[in-house]
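These notes are about the structure you will find just below.
The values are calculated or read from the model by the stated rules, or taken from the named source; none is laboratory data. Keep in mind that this is a model prediction, so the values were computed, not measured. Because the Cβ atoms are built from the backbone with ideal geometry, glycine has one as well, and the counts that use them run over all protein chains shown. Please note that ligands, DNA and RNA were not included when accessible areas were found on the heavy atoms of the full protein model with its side chains. Shrake-Rupley method; radii C 1.70, N 1.55, O 1.52, S 1.80 Å.
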Amino acid sequence: MERYEADIVVVGAGPGGYVASIKAAQEGMKVVCVEKEALLGGTCLRVGCIPTKALLETSLRFYEAKQVFHEHGIAFSDISIDLKKAMKRKERIVNTLSGGIAQLFKKNKITRLKGKARIISPSEVAIDEGTVIRAKHILIATGSKPAGLPFCEFGKRINTSDDALAYVECPRHLVVIGAGAVGLELGMVWSRLGARVTVLEVMDRILLGFDGDMTRKALKAFEAQGIEIRLGTKVLAVYEDDEKAVVEVEGQKSIECDRVLMAVGRAPNTDGLGCEEVGIAKDKRGFIVVDNAYKTTVNGVFAVGDVIGGLMLAHKAMEEGVMCINGMVGKYAVLNYDAIPRICYTDPEVASVGKTEEELKAENREYKVGRFPFKANGRAHTMGYVVGEVKVLADAKTDRLLGMHIVGPRASELIALGGMAIEFSASSEDIAMLCEPHPTLEEAIKEACLAVTSKTIHL
């Protein structure tokens with residue numbers, strides 16, 4: 001049996017795990033990181049954020065060439081999509097970025113071990129029963145896996161998001177169950193590439209957790225592109241045969257299709273980890289319980305990222321990894337969860353940070369609203385993307401920015417300004433006083449903040 005000694009063993013090399021490993025090494029720790037997959041980067045890099053965005057970019061180019069380029073005077077005699085080549089591009093990006101993490105591990109002298117880890121004591125981790133690592137600290141960063149529904153099983157036609165990233169041909173009719181970011185992004189990919197897409201959502205709105213007012217605007221934009229979205233729709237059963245998949249819906253006719261994408265959320269990935277054996281507590285949904293320092297109920301064992309629940313976002317996991325290590329070495333270790341953005345990379349993009357109107361109303365907090373539409377923004381017109389708006393929420397008394405919500409072009413990039421403002425307790429007036437370069441999309445944020453006091457310049 002092979003044995004290793006370390007200051008910390010990190011279980012999982014996804015965003016939380018690999019960032020924590022690098023941070024720990026930078027703090028002078030001897031680090032061992034265990035990952036069962038050949039590629040480093042976790043779900044986000046291998047079968048999540050990165051490959052999804054690669055296909056979104058490919059499908060957007062194809063859609064624009066068919067539907068938008070003629071407005072620029074650009075014409076084609078014929079256009080087609082080589083799906084095999086598009087998938088190879090996606091895989092090339094994944095391999096390049098994963099290789100980059102491997103180089104960072106080498107640079108920071110991190111020992112990477114491949115295999116499935118199991119915690120056998122508060123200071124020991126076994127790998128595939130053949131290797132044992134003894135460490136002062138154990139950090140669990142095993143992430144999450146696609147969740148399903150109890151009455152159906154994944155199969156040839158009933159798929160996870162992993163499957164939907166690797167279809168060898170475009171479905172004729174794709175039914176997506178769940179109108180969260182994963183379902184809408186992948187639904188849009190295949191809709192752009194030619195599939196008829198039907199999205200079924202049991203709630204009365206899409207993108208639960210985002211500002212409801214803004215998601216209603218996004219819904220109209222998605223439907224205008226031909227995506228059918230049925231809200232308040234309860235799925236009763238899903239089954240398949242060699243020819244088709246069938247989705248039974250309460251109060252509606254059953255839907256026949258050739259693919260079903262289950263996008264109903266994600267579950268913590270703790271199978272075989274040994275939590276129960278060593279006394280690591282979980283909540284009723286299976287997420288590992290931690291305190292504000294990311295300590296589990298077992299001394300010396302910590303956890304970050306999707307496996308502890310909350311916002312299941314790669315950037316949230318990364319920051320938790322950094323803060324967890326900071327806490328271990330006595331540095332500042334407080335993460336402001338209100339300043340963490342959430343994004344849906346559809347067209348238009350939807351981005352949100354801070355409080356929503358629904359949350360402020362539930363808190364009985366007095367607030368002011370400022371809005372500015374992209375149709376009044378010069379840069380948006382030059383780009384040809386004028387759908388959507390910027391919405392800011394500010395405290396009625398102090399003017400402190402409480403939330404920023406964007407539906408529109410490059411919302412994923414613009415939202416960072418809102419996160420920064422919340423992190424540094426800025427007011428809407430502070431942002432309104434910024435001199436934004438012209439013409440840029442950021443001017444819409446400035447104008448929305450001016451709108452808090454009804455003093456917009458360009459509206």
Where residues in region 385-397 are open to solvent by less than 50 Å² (accessible area, probe 1.4 Å) and touching a residue at least 60 places away in the same chain (Cβ under 8 Å), which of them is farthest from VAL452 (Cα to Cα)?
GLY388
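Find the strands (runs of 3 or more DSSP E) located wholly in region 265-349 whose residues include 1 or more that are under 27 Å from GLU413 (Cα atoms), in contact with a Gly (Cβ under 8 Å, 6 or more places away or on another chain) and at pLDDT 95 or above, and list them. Please lay out each step first, then the result.
On the way: elements: 266-268, 301-303, 342-344.
Output list reads 342-344.
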Please find, among CYS44, CYS33, the residue that is closer than 28 Å to LYS295 by Cα and in a helix (DSSP H, G or I).
CYS44
Candidates ARG365, ARG379, filtered to the one that is assigned to a loop (DSSP other than H, G, I, E, B) and either open to solvent by 80 Å² or more (accessible area, probe 1.4 Å) or farther than 24 Å from THR453 by Cβ (or both):
ARG365
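When you scan region 275-317, how many residues do you find that are among the hydroxyl-bearing types (Ser, Thr, Tyr) and either open to solvent by 70 Å² or more (accessible area, probe 1.4 Å) or at negative phi (or both)? Steps first, please.
First pass over region 275-317, keeping only residues among the hydroxyl-bearing types (Ser, Thr, Tyr): 294, 296-297.
From what's left, either open to solvent by 70 Å² or more (accessible area, probe 1.4 Å) or at negative phi (or both): 296-297.
The qualifying residues number 2.
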ILE101 is checked against (1) of a type outside the set (Phe, Trp, Tyr); (2) outside any helix (DSSP H, G or I); (3) open to solvent by less than 20 Å² (accessible area, probe 1.4 Å) and fails just one. What number does that condition carry?
(2)
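Please pick out the residue among LYS66, LYS90 that is closer than 25 Å to PHE105 by Cα and of a type in the set (D, E, K, R).
Numbers: LYS66 fails: closer than 25 Å to PHE105 by Cα.
From the options LYS66, LYS90, the qualifying one is LYS90.
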State which residue is most open to solvent (accessible area, probe 1.4 Å) when the search covers only region 318-343 and only residues that are more than 20 Å from the chain's Cα centre (by Cα) and small (Gly, Ala, Ser).
GLY330
Of all residues in region 112-147 being charged (D, E, K, R) and in contact (Cβ under 8 Å) with a residue 24 or more places away in the chain, the one that is most open to solvent (accessible area, probe 1.4 Å)
LYS136
If we keep only residues of region 408-424 that are in contact with a Leu (Cβ under 8 Å, 6 or more places away or on another chain) and in a loop (DSSP other than H, G, I, E, B), then the residue most open to solvent (accessible area, probe 1.4 Å) is ARG410
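Quick check on region 162-169. Is at least one of its residues in a helix (DSSP H, G or I) and open to solvent by 30 Å² or more (accessible area, probe 1.4 Å)? Steps first, please.
As a first pass, look at region 162-169 and keep what is in a helix (DSSP H, G or I): 162-164.
Filter again for open to solvent by 30 Å² or more (accessible area, probe 1.4 Å), leaving 162-163.
Yes, region 162-169 contains at least one residue that is in a helix (DSSP H, G or I) and open to solvent by 30 Å² or more (accessible area, probe 1.4 Å).
So for region 381-389 (the condition being touching a Ser or Thr at 6+ places or on another chain (Cβ under 8 Å) and at negative phi), does at least one residue qualify?
To start, the set of residues in region 381-389 that are touching a Ser or Thr at 6+ places or on another chain (Cβ under 8 Å) comprises none.
No: zero hits.
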Residue in region 422-430 that is under 24 Å from the mean Cα position of the chain (by Cα) and among the polar types (S, T, N, Q) present:
no
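Of all residues being acidic (Asp, Glu) and within 27 Å of VAL168 (Cβ to Cβ) in region 237-274, which is most open to solvent (accessible area, probe 1.4 Å)? Just the residue, please.
Start the filter on region 237-274 by keeping residues that are acidic (Asp, Glu), which leaves 240-243, 248, 250, 256, 258, 271.
Now drop any that are not within 27 Å of VAL168 (Cβ to Cβ), which leaves 240-243, 256, 258.
On the way: GLU240: 66, ASP241: 68, ASP242: 122, GLU243: 139, GLU256: 115, ASP258: 16 Å².
In this case the residue turns out to be GLU243.
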Quick one: would you say GLY148 is part of a loop (DSSP other than H, G, I, E, B) and either within 30 Å of GLU27 (Cα to Cα) or at pLDDT below 95 (or both)?
yes
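What is the residue count in region 425-458 for residues that are at pLDDT below 95 and either surrounded by 14 or more Cβ atoms within 10 Å (Cβ to Cβ) or closer than 20 Å to TYR337 by Cβ (or both)?
Quick first cut of region 425-458, residues at pLDDT below 95 only: 453-455.
Checking the rest, the ones that are also either surrounded by 14 or more Cβ atoms within 10 Å (Cβ to Cβ) or closer than 20 Å to TYR337 by Cβ (or both) come to 453.
Residues in region 425-458 being at pLDDT below 95 and either surrounded by 14 or more Cβ atoms within 10 Å (Cβ to Cβ) or closer than 20 Å to TYR337 by Cβ (or both): 1 in total.
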